[in-house]
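These notes concern the structure reproduced below.
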Amino acid sequence: MNSVLEVEGITKLFRNHRGVKDVSFTASEGEVFGFIGPNGAGKTTVLKIITGLIRPDRGNVRIMGHDIAERFEQAVSHTGCIIETPEAYEYMSARDNLKLSARFYKDLPASRIDEVLEKVGLKPYGHERVRGFSLGMKQRLGLASALLSAPRLVLLDEPTNGLDIEGMADFRSTVRQLADQGITFLISSHLIHDLSLIADRVGVMREGHLISLGREDEWNGAGLSLEQYVTFKLLESKEGERDAQLIRQSAE
Ligand SMILES: Nc1ncnc2c1ncn2[C@@H]1O[C@H](COP(=O)(O)OP(=O)(O)OP(=O)(O)O)[C@@H](O)[C@H]1O
């Protein structure tokens with residue numbers, strides 16, 4: 001399968017020496033890649049580096065083969081994202097909000113607004129003001145906006161936070177349909193159960209390191225829930241670190 005995203009050894013250390021360290025992974029066409037880990041593990045920083053919001057100290061990111069440091073415009077032209085909660089003008093309709101966002105893109109056909117509304121299941125509500133929308137509908141409007149440029153890769157940071165069970169299920173099914181059409185998703189989330197219902201592969205982050213990359217059949221095949229699998233990987237990594245420390249101490 002074709003790699004849409006290639007992340008190679010990215011490192012970004014902030015002044016407090018926190019950040020992300022030597023993170024590498026790839027994501028293929030139509031794959032839903034979940035990112036999980038405790039608070040401060042580095043998930044958002046990785047997403048921000050991929051969108052070019054943060055420049056890494058080291059490492060490369062390629063989107064559809066374009067290196068973001070060398071061919072930024074080409075790389076980001078294939079990317080859509082919701083990194084913070086998407087803001088929409090509440091007094092305007094969904095359609096007018098999208099028209100406003102569409103001004104950022106060159107040569108976008110007018111028909112694209114209808115297409116993205118259709119893709120996220122908001123077409124019947126396009127003329128309604130956002131003020132009356134549920135949180136789930138607002139989140140889907142954010143996704144519609146991220147889809148305007150027909151991206152091959154969509155990055156979502158905590159997309160189902162605050163949604164009720166129905167809103168989460170609707171959002172997941174929208175993402176799944178889009179992934180089946182070939183769009184690659186990178187989703188950072190705290191909500192392990194929600195992620196387990198959608199991700200094909202999960203990367204576990206801890207203290208800036210990507211400590212594990214697992215495929216859905218790895219935890220399902222072992223009879224584990226994703227929560228058990230992630231807990232196991234986090235414990236394994238902590239124990240490994242403790243063992244390494246003991247070896248270092250005994251060598252001193
Ligand atoms: N602009 C910044 N300046 C200094 N430190 C930062 C900055 N951004 C992130 N960090 C630090 O880098 C680490 C990783 O943060 P990041 O936000 O990527 O984690 P996260 O896994 O997304 O956490 P959360 O799940 O809480 O959103 C944290 O320790 C954080 O304090």
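The values are calculated or read from the model by the stated rules, or taken from the named source; none is laboratory data. Since this is a predicted model, take the numbers as computed values, not measurements. FYI the Cβ positions are ideal-geometry reconstructions off the backbone, even for glycines, and counts take in every protein chain you see. The area values use the complete protein model at the heavy-atom level, side chains included, leaving out ligands, DNA and RNA. Shrake-Rupley method; radii C 1.70, N 1.55, O 1.52, S 1.80 Å.
Key figures
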quantity	calculated
Per-region count, segment 38-62, residues touching a helix residue (DSSP H, G or I) at 6+ places or on another chain (Cβ under 6 Å) and within 12 Å of the ligand (Cβ to nearest atom)	1
Answer residue from segment 157-169, given it is within 16 Å of the ligand (Cβ to nearest atom) and farther than 18 Å from Asn97 by Cβ and is nearest to the chain's Cα centre (by Cα) among those	Asp157
Any hit, segment 19-32, residues being among the acidic types (Asp, Glu), more than 16 Å from the ligand (Cβ to nearest atom) and not in a strand (DSSP E or B)	yes
Residue within segment 2-17 that is more than 26 Å from Leu235 (Cβ to Cβ), within 11 Å of the ligand (Cβ to nearest atom), loosely packed, with under 14 Cβ neighbours inside 10 Å and not aromatic (Phe, Trp, Tyr) present	yes
Meets criteria (exposed (fewer than 14 other Cβ atoms within 10 Å of the Cβ) and basic (Lys, Arg)) for Arg172	no
One residue from Leu191, Leu186, Leu234 being among the hydrophobic types (A, V, I, L, M, F, W, C), buried (at least 19 other Cβ atoms within 10 Å of the Cβ) and under 18 Å from Ile82 (Cα atoms)	Leu186
Residue match in segment 234-250 (condition: in contact (Cβ under 8 Å) with a residue 40 or more places away in the chain, of a type in the set (A, V, I, L, M) and out of contact with any Cys (no Cβ under 7 Å at 6 or more places or on another chain))	yes
Condition met for Leu141 (more than 19 Å from the chain's Cα centre (by Cα) and not charged (D, E, K, R))	no
Output for segment 56-98, where each listed residue is without any contact (Cβ under 8 Å) to a residue 40 or more places away in the chain and either polar (S, T, N, Q) or under 21 Å from Phe14 (Cβ atoms) (or both)	Ile68, Ala69, Gln74, Ser93
Pairs where the first residue, in segment 13-38, is farther than 11 Å from Val202 by Cα and the second is hydroxyl-bearing (Ser, Thr, Tyr) and part of a strand (DSSP E or B), C-beta under 7 Å, 6+ apart	Val20/Thr11; Lys21/Thr11; Asp22/Thr11; Thr26/Ser3; Ser28/Ser3; Ser28/Thr184; Glu29/Thr184; Gly30/Thr184
Residues that are within 16 Å of the ligand (Cβ to nearest atom) and touching a helix residue (DSSP H, G or I) at 6+ places or on another chain (Cβ under 9 Å), drawn from segment 63-87	Cys81, Ile82, Ile83, Thr85
From Gly214, Gly208, residue being more than 14 Å from the chain's Cα centre (by Cα), open to solvent by less than 10 Å² (accessible area, probe 1.4 Å) and at pLDDT 90 or above	Gly208
Output for segment 167-214, where each listed residue is under 19 Å from Thr44 (Cα atoms) and aromatic (Phe, Trp, Tyr)	Phe185
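Listed here are the residues, each with its yes/no results for (1) closer than 18 Å to His78 by Cβ; (2) modelled with pLDDT of 90 or more.
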| site | (1), (2) |
| --- | --- |
| Tyr91 | no, yes |
| Leu147 | yes, yes |
| Asn161 | no, no |
| Asp164 | no, no |
